[in-house]
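The values are calculated or read from the model by the stated rules, or taken from the named source; none is laboratory data. All values derive from a computational prediction rather than experimental measurement. Methodologically, a virtual Cβ is constructed for each residue, glycine included, from the backbone with ideal geometry; neighbour enumeration extends over all protein chains shown.
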Amino acid sequence: MRAAALASGSSRVRVERAPMRFLVVIAFSFAAAWYATPVLAASPTRADALAAIAAYAPRALAEQGAPGMSLAVTDASGDVRTLTYGYANVDAKRPVTPETRFPIGSITKSMTALSLMQLVDAGTLDLDAPVRSYLPDFRIATGGPPIAIHQLLSHTGGVPDDYSNSYGYADAVYDLRDATVLFAPGSSFSYSNDGFATAGAVLARLDRRPWADAVRARVFDALGMTHTSPVFASEESGDVAVGYTLRDVDRPVPNDPPLVPSPPFDFVDPAGSVISTPADMAAYIRFYLRGGVDATGRRALTPASFARMTSPDATDGKVAGAGHPVLAEAPELYRAYGFGLSISSDGCDHVIAHTGGISGYTACLEANLTRGFGVVAMSNLVEAPLHPCAIVRYAMRVLRAQALGEPLPAPPAAPDRAAIPHAADYAGRYVPATGAPLEIVASGSGARLVDGTHAYGFFPRDGETFWTDDPRFARFLFLAHRRNGTVTELTWGAERYAGAAYRGPQTFAYPPEYDALAGRYEADFYMQQSVTRVLVVEGRLTFDGVTPFVDRGDGSFLAGKDVVRFDHTFDGRPQRMFVDDVEMDRIELP
């Protein structure tokens, strides 16, 4: 969601992993003997596989930096193994237990899609029909053909993501009346929470009950998920792990960020408000492992509907997904997308998956439909991309190797947060218009920022952006600029540092009204403070010096896929900025 991007100090800066700073408390629900380091035979047993997973899990949690995590491994037969680590509440030293519930974020989407597919089987819903044929109040400018139901479920309708900042999904759908699709429906792929809010509104209308009641009856009751709630609300919070978020939301995320508890809030969203336990999520995985059969042995989806939901949708003859979005933890995910599920292959195996994140929590789920096993992990740390995917991905590899009778794979190497691809490209002396120059010195696979006699870390973030532990540069990321493949300059916020290869202009013309738009803007997005700064860099407006604006010539701008507008002008400067439909207010702080 946009909250994580804006809170990071840059609208397009991915949050990095941080070392764990909490005591790991381990509670296992299966035999302690399985946790010894396994002596692997030619044909490893399931106990060997579970022991390998358990041995890596604490390190995976430490590398994610979350206070706590729960993990469930299951298979089609109904066998479940649960692992729990760390704290559900750091201050109270309350450990995570198998009964601790976690929000699962966007894994909720598949539950909304599953409920709608049951309506398809009942003859109540046509996936190819326009959304408005079932939801007359739905309106969005498409400039062409209408959005079809299946395009909501596969993110191929062009609906903007998090266009609305509403706590109610119906109001979020209403807000789309002011939006325009990102592309002609069916022609591309773009992940959209608001698209699934719309799908939930369709479910509520056709099922003649609120979305939460429909999902509870059609999914949780049917699958025996007795400790799962469709809504994130105060009355549901007694056994929910405390979520943790970043304390310093006005700057890029450091390597070891201080965390604070995320504030409580009520949240009802067909795209992401479900809370659950590892055992209940294991039951949910088994529904897919059994090909659409529920806890009582009843088929909840016809084979045709199950196959369509768990296969990639099509966009103009292409597979829905096409590599968007790509998660650093699991780049193979989201290269193809079905209905509320990413679709991938492991060898020739059919794998479904999804990640989830909401303020203070992340989750990751995968299931191998061919070989009949699946894994889910949930943790209490701020959302994407800090999903606990590392342990899930490793567990899936281990379980597949065991199923094939192959040696179990070793755990992945610890990530090197200092490694910079082609580090030597950035080495050199950089001179600002005023002030002291700085030097980037390449060293092995990394680099250092040198200021006189002091050297500081220079750590990669997304693309050509970098964070340094030099406290003078805490507010923004450095952005490297290339010309003809050569790094010629660095920018930090609105400051420019020219390298020896720079041959461009020293000054940049731009409309004088841009200066009035520049400043710091803040908002509360799902009860999480978001901060971004509008800066003029080399004649262009940007978010935090990283994401450039495109001037649309009508007083509005494009920042990536988002439409940016300003209003409430007072004393010559706008006091309010809209990023799509999310309002952010100017505040007189640096």
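Only residues that are within 23 Å of Ser70 (Cβ to Cβ), in contact with a helix residue (DSSP H, G or I) (Cβ under 7 Å, 6 or more places away or on another chain) and part of a helix (DSSP H, G or I) were counted across segment 204-256, and they come to 3. For first residues located in segment 495-517 and closer than 30 Å to Thr569 by Cβ, partners that are loosely packed, with under 12 Cβ neighbours inside 10 Å and lie 6+ apart or on another chain with Cβ distances below 6 Å form the pairs Ala516/Gly572.
Any residue at all in segment 127-139 that's assigned to a loop (DSSP other than H, G, I, E, B), touching a Gly at 6+ places or on another chain (Cβ under 8 Å) and within 26 Å of Ile343 (Cβ to Cβ)?
Here is the first cut: in segment 127-139, the ones assigned to a loop (DSSP other than H, G, I, E, B) are 127-129, 134-139.
Still in the list and also touching a Gly at 6+ places or on another chain (Cβ under 8 Å): none.
Checked segment 127-139: no residue is assigned to a loop (DSSP other than H, G, I, E, B), touching a Gly at 6+ places or on another chain (Cβ under 8 Å) and within 26 Å of Ile343 (Cβ to Cβ).
If you go through segment 60-75 and keep only what is at pLDDT 95 or above and either of a type in the set (Val, Ile, Thr) or surrounded by fewer than 24 Cβ atoms within 10 Å (Cβ to Cβ) (or both), you end up with Val73, Thr74, Asp75. Candidates are the residues of segment 191-202 that are under 14 Å from Leu341 (Cα atoms) and in contact with a Pro (Cβ under 8 Å, 6 or more places away or on another chain); the one that is surrounded by the fewest Cβ atoms within 10 Å (Cβ to Cβ) is Tyr191.
Rundown of residues vs (1) of a type in the set (A, V, I, L, M); (2) closer than 26 Å to Pro98 by Cβ; (3) modelled with pLDDT under 95; (4) under 18 Å from the mean Cα position of the chain (by Cα), yes/no style:
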residue	(1), (2), (3), (4)
Tyr334	no, no, yes, yes
Gly347	no, no, yes, no
Val351	yes, yes, no, no
Ala367	yes, yes, no, no
Thr370	no, no, no, no
Phe373	no, yes, no, no
Ala377	yes, yes, no, yes
Leu386	yes, yes, yes, yes
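Return the pair list, or none, for Cβ contacts closer than 8 Å from residues in segment 561-573 that are on the phi < 0 side of the Ramachandran plot to residues that are among the acidic types (Asp, Glu), at least 6 apart or on different chains. Listed pairs, sorted by first residue: Lys561/Asp161; Asp562/Asp580; Val563/Asp580. Inside segment 512-552, residues that are outside any strand (DSSP E or B), modelled with pLDDT of 95 or more and either under 26 Å from the mean Cα position of the chain (by Cα) or closer than 21 Å to Arg247 by Cβ (or both) make up a count of 3. Would you call Ile285 in a helix (DSSP H, G or I) and closer than 27 Å to Ala401 by Cα? Spelling it out, Ile285 is indeed in a helix (DSSP H, G or I) and closer than 27 Å to Ala401 by Cα.
Among the candidates Thr124, Thr82, Thr112, single out the residue that is closer than 30 Å to Ala300 by Cβ, polar (S, T, N, Q), assigned to a strand (DSSP E or B) and at pLDDT 95 or above.
Values: Thr124 fails: assigned to a strand (DSSP E or B); Thr112 fails: assigned to a strand (DSSP E or B).
The unique qualifying residue is Thr82.
Against the test of being in contact with a Phe, Trp or Tyr (Cβ under 7 Å, 6 or more places away or on another chain), surrounded by 14 or more Cβ atoms within 10 Å (Cβ to Cβ), under 20 Å from Thr542 (Cβ atoms) and among the aliphatic types (A, V, I, L, M), the options Ala480, Ala447, Ala494 yield a single qualifying residue, Ala480. The residue of segment 173-186 that is nearest to Leu127 (Cα to Cα), among those that are in contact (Cβ under 8 Å) with a residue 60 or more places away in the chain and buried (at least 17 other Cβ atoms within 10 Å of the Cβ), is Gly186.
Restricting attention to segment 398-423 and to residues that are surrounded by 14 or more Cβ atoms within 10 Å (Cβ to Cβ) and within 22 Å of the chain's Cα centre (by Cα), the residue that is farthest from Val487 (Cα to Cα) turns out to be Pro412. Scoring Thr315 on the criteria (1) touching a Ser or Thr at 6+ places or on another chain (Cβ under 8 Å); (2) of a type outside the set (A, V, I, L, M, F, W, C); (3) modelled with pLDDT of 85 or more leaves a single failure, condition (3).
Please verify whether Phe339 is touching a helix residue (DSSP H, G or I) at 6+ places or on another chain (Cβ under 9 Å), more than 25 Å from Arg81 (Cα to Cα) and modelled with pLDDT of 90 or more, treating the condition exactly as stated.
On the way: touching a helix residue (DSSP H, G or I) at 6+ places or on another chain (Cβ under 9 Å): yes; more than 25 Å from Arg81 (Cα to Cα): yes; modelled with pLDDT of 90 or more: yes.
Taking the combined requirement at face value, the residue satisfies it.
Asp128: surrounded by 15 or more Cβ atoms within 10 Å (Cβ to Cβ), closer than 29 Å to Tyr288 by Cβ and not aliphatic (A, V, I, L, M), yes or no? For Asp128, the condition - surrounded by 15 or more Cβ atoms within 10 Å (Cβ to Cβ), closer than 29 Å to Tyr288 by Cβ and not aliphatic (A, V, I, L, M) - is not met. Within segment 387-400, being in contact with a helix residue (DSSP H, G or I) (Cβ under 6 Å, 6 or more places away or on another chain) and either assigned to a loop (DSSP other than H, G, I, E, B) or not hydrophobic (A, V, I, L, M, F, W, C) (or both) holds for Pro388, Tyr394. Taking only segment 149-172 into account, find how many residues are under 21 Å from Arg218 (Cα atoms) and free of Cβ contacts under 8 Å to residues at least 60 places away in the same chain. Here the count works out to 3.
Flag: Tyr167 does not match the condition of being at pLDDT below 95 and under 14 Å from Gly195 (Cβ atoms). Among the residues making up segment 85-104, those that are assigned to a loop (DSSP other than H, G, I, E, B) and within 16 Å of Leu61 (Cα to Cα) are Val90, Val96, Thr97. Just one of (1) charged (D, E, K, R); (2) farther than 30 Å from Leu589 by Cβ; (3) part of a strand (DSSP E or B) fails for Arg503. It is (3).
Looking only at segment 401-458, count how many residues are closer than 30 Å to Pro58 by Cβ and assigned to a strand (DSSP E or B). So that I can check it myself, show each step before the final result.
Going through segment 401-458, the residues closer than 30 Å to Pro58 by Cβ turn out to be 401-421, 444-446, 457-458.
Those still in the list that are assigned to a strand (DSSP E or B) too: 446, 457-458.
Number of matching residues: 3.
Would you check if Pro270 is in contact with a helix residue (DSSP H, G or I) (Cβ under 9 Å, 6 or more places away or on another chain), surrounded by 15 or more Cβ atoms within 10 Å (Cβ to Cβ) and part of a loop (DSSP other than H, G, I, E, B)? So Pro270 passes the test.
Residue count for segment 361-378, restricted to those that are closer than 16 Å to Leu259 by Cβ and either surrounded by fewer than 24 Cβ atoms within 10 Å (Cβ to Cβ) or in contact with a Leu (Cβ under 7 Å, 6 or more places away or on another chain) (or both): 1. Scanning segment 213-251 for residues that are aliphatic (A, V, I, L, M), closer than 25 Å to Val173 by Cβ, buried (at least 21 other Cβ atoms within 10 Å of the Cβ) and free of Cβ contacts under 8 Å to residues at least 60 places away in the same chain yields a total of 0.
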